[in-house]
Amino acid sequence: MFQDYNLEENWAVLPNKYTADFTEFESKESNTLKADVFYVYPTLNTEKEDLRWNVPIDDKKQQEKVLNRAVLYQASAFATSGKVYVPYYRQAHLR
């Protein structure tokens, strides 16, 4: 299935769409940053109870994992290096 990344809803993070928790890490001088950061998070679908082979990008539980794990604990490391972009994308189960 084709995802339209022109739509803001298909992005976990855009420079104008930081969560409150993520803004704690962002550069206070974001207009002077010289680079953009495109962050691709690892597979987060690891629960044995989840029998799906693939997780769609609009799955709310998966989106929460992306925001509260990968974005907060991994992508935030780059928040002072550039404007951060993190797309939602379909994931395969780790198994």
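Of everything in segment 39-52 that's in contact with a strand residue (DSSP E or B) (Cβ under 8 Å, 6 or more places away or on another chain) and exposed (fewer than 12 other Cβ atoms within 10 Å of the Cβ), which residue is nearest to GLU9 (Cα to Cα)?
Among them, the one singled out is VAL40.
Would you tally the residues in segment 17-42 being farther than 20 Å from ASN6 by Cα, in contact with a Leu (Cβ under 8 Å, 6 or more places away or on another chain) and not aromatic (Phe, Trp, Tyr)? Please lay out each step first, then the result.
Looking only at segment 17-42, we keep the residues that are farther than 20 Å from ASN6 by Cα, and these are 20-35, 42.
Narrowing further to those that are in contact with a Leu (Cβ under 8 Å, 6 or more places away or on another chain): 21-22, 27.
Now narrow it down to the ones that are not aromatic (Phe, Trp, Tyr): 21, 27.
The total comes to 2.
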field: Pick from segment 35-58, criterion of a type in the set (Asp, Glu) and either farther than 22 Å from VAL84 by Cβ or in contact with a Lys or Arg (Cβ under 6 Å, 6 or more places away or on another chain) (or both), ranking: modelled with the highest pLDDT
entry: ASP36
query: Any idea which of (1) surrounded by 10 or more Cβ atoms within 10 Å (Cβ to Cβ); (2) aromatic (Phe, Trp, Tyr); (3) more than 17 Å from the chain's Cα centre (by Cα) is the one PHE2 doesn't satisfy?
result: (1)
query: Mind checking which residues of segment 5-21 are under 11 Å from the mean Cα position of the chain (by Cα) and hydrophobic (A, V, I, L, M, F, W, C)?
result: TRP11, ALA12, VAL13, LEU14
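Mind listing whichever residues of segment 53-67 are more than 12 Å from the chain's Cα centre (by Cα) and crowded, with 17+ Cβ neighbours inside 10 Å? Can you show your working first?
Quick first cut of segment 53-67, residues more than 12 Å from the chain's Cα centre (by Cα) only: 53-56, 58-61.
Correct list: VAL55, ASP59.
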message: Going through ALA70, ALA92, ALA12 one at a time, which residue ends up being out of contact with any helix residue (DSSP H, G or I) (no Cβ under 6 Å at 6 or more places or on another chain) and surrounded by 14 or more Cβ atoms within 10 Å (Cβ to Cβ)?
response: ALA70
query: Among the residues of segment 7-33, which ones are closer than 13 Å to THR80 by Cβ and of a type in the set (Phe, Trp, Tyr)?
result: TYR18, PHE22, PHE25
- request: For TYR85, state whether it is loosely packed, with under 13 Cβ neighbours inside 10 Å, under 18 Å from THR19 (Cβ atoms) and of a type in the set (Phe, Trp, Tyr).
  value: no
task: Note down all Cβ pairs under 7 Å where the first residue falls in segment 21-37 and is closer than 20 Å to ALA70 by Cβ, the second is at pLDDT 85 or above and assigned to a helix (DSSP H, G or I), and they're at least six residues apart or on different chains.
output: ASP21/LEU72; PHE22/VAL71; PHE22/LEU72; PHE22/SER76; PHE25/SER76; VAL37/PHE78
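The values are calculated or read from the model by the stated rules, or taken from the named source; none is laboratory data. Quantities reported herein were computed from a predicted structural model and do not represent experimental measurements. Backbone-built Cβ (ideal geometry, glycine too); neighbour counts: all protein chains shown.
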